[in-house]
1. Any chance you could run the full-extension gain for Q51 through N124? It's 0.36 nm times the residue separation minus the Cα-Cα distance, nm to one decimal.
2. Taking the range 203-310 on its own, what percent of its Cα-Cα pair distances exceed 16 Å?
3. Report, by chain and number, residues whose modeled amide H sits under 5 Å from the one on T21, excluding near sequence neighbours (fewer than 5 apart, same chain).
4. Pull up all non-local amide H partners of I118: gap of 5 or more, or a different chain, and H-to-H distance under 5 Å with H placed in the peptide plane.
5. Which whole-Hz ³J(HN,Hα) couplings does the range 112-119 yield from phi under the Karplus relation 6.51 cos²θ - 1.76 cosθ + 1.60, θ = phi - 60°, glycine and proline marked x?
6. Can you tell me the FRET efficiency between W250 and K351 if r is taken as the Cβ-Cβ distance and R0 is 25 Å, rounded to the nearest 0.05?
7. How far apart, in nm, are the 7 Å Cα→Cβ label points at Y265 and E34?
8. Would you please give the residues with an amide H less than 5 Å from that of D49, counting only those at least 5 places away or on a separate chain, with H modeled from the backbone geometry?
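Bear in mind these aren't lab numbers, they're just calculated from the coordinates by the rules spelled out. In this text the structure is predicted, and so the values were computed from the model without any measurement. Every residue, glycine as well, gets a Cβ built from its backbone with ideal geometry; the counts of neighbours run over all protein chains shown.
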Amino acid sequence: MSEQNITRLNINSKELILIGTAHVSRHSAEQVKEVIAAEKPDSVCVELDEQRYKAIMDDNQWKNMDIFKVIKDKKATALLMTLLISSFQKRAAKQLGIKPGQEMIQGIESANEHGAEIVLADRNIQITFARIWQGIGLWGKMKLITAVIGSIINNEEISEEELEQMKTEDMLNSALKEFTNTFPKLKVPLIDERDQYLSQKIKNAPGDKVVAVLGAAHVPGIKKELYNEHDLEALCERPPKSKVPKILAWAIPVVIISIIAFTLYMNPAAGMQQIIAWLLWNGSFAALGALLAFGHPAAIATAFVVSPLSSLSPVLAAGWFAGIAQAYYRRPSVGDFESLSEDVYTLKGFKDNKVTRILLVVMLSNIGSTIGSMIGGADVIRLFIQNLT
């Protein structure tokens with residue numbers, strides 16, 4: 001049995017065996033099977049949470065999804081990001097003729113075969129996304145979305161040899177350095193905190209011998225964090241929301257409305273110019289977002305009409321209404337949900353699937369509305385100042 005990519009540690013009278021894997025590597029799955037069969041551990045930890053465990057073990061998970069509920073619960077962007085992030089892995093796995101996450105599935109199957117307890121060792125993915133999303137700001141969110149969408153457009157093939165090479169620590173450290181230079185704020189919630197969470201779950205796993213099946217990116221960090229104690233509850237707390245955005249969300253509409261009302265009182269013609277500017281900038285950019293998502297004409301029109309009003313309300317978003325209109329006029333079929341996991345790894349599939357189209361309409365309409373409100377607000381202020389002089 002090859003010891004490459006295997007780390008053996010003894011901590012607190014426990015023998016810990018860490019297997020660093022590539023998530024779309026046939027060799028990784030074979031190595032996981034060999035190690036568990038040879039070591040016969042008491043527990044097998046896998047880098048999954050409950051949600052991803054169900055997703056990876058159930059190919060029919062999408063059939064029961066209620067797209068209207070997704071929009072209503074404000075989860076459209078999170079779902080879209082999940083699908084986008086998984087698209088590269090799915091494309092690489094299909095190219096290599098294996099199932100994404102096969103090494104995790106193999107870990108679960110081998111644990112069952114040898115009577116080991118399965119430990120879902122990763123943090124809930126929604127908490128990780130929440131901690132990422134809260135910390136990167138508007139510009140960071142747009143950069144991240146652009147980068148992830150770019151992974152779909154990029155059809156460059158990846159060899160299995162390159163994937164195996166990526167598992168060496170020198171290559172890993174190099175890749176991680178490049179990653180954190182691009183999105184430095186992502187490293188803490190995406191890598192560091194999960195290293196801490198995973199290490200604590202591995203240490204807490206029952207039995208004297210534990211095998212952990214991990215993405216290679218986490219092994220160096222986990223090797224260090226295993227010697228420290230970590231508070232799992234603290235790592236699972238959603239970040240406290242800053243009061244500043246909430247204050248601004250109410251203050252900006254009040255300021256815009258007050259400026260327009262004052263201008264209308266002082267100079268009705270100038271006030272009407274402000275209203276038209278606000279309507280056109282807001283509506284046009286939101287509609288453009290829906291158009292770029294190849295939205296139904298009704299969704300585009302809805303975005304145009306709703307955006308100027310929703311931008312003045314902290315509790316409404318143009319994308320929600322545009323998405324509901326899109327879902328009403330282009331209601332997804334059972335086939336769209338069934339093929340969702342396959343469609344996300346090609347640009348054509350992503351564009352043609354009615355579910356992903358709805359999610360794109362929601363996200364791009366909201367982005368357009370945000371841009372439009374910024375430009376429209378600046379124009380309202382410009383006209384106000386112009387009227388004073």
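1. 25.6 nm
2. Working: 4434 of 5778 pairs.
The calculated P(r) of the range 203-310 puts 77 percent of pairs beyond 16 Å.
3. L214, G215, A216
4. Those qualifying (amide H under 5 Å, at least 5 residues apart or on another chain) are V44.
5. Once θ is set to phi - 60°, the couplings for the range 112-119 become 5, 5, 9, x, 8, 7, 8, 10 Hz.
6. So the FRET efficiency works out to roughly 0.10.
7. Calculated label separation equals 8.1 nm.
8. The answer is D122.
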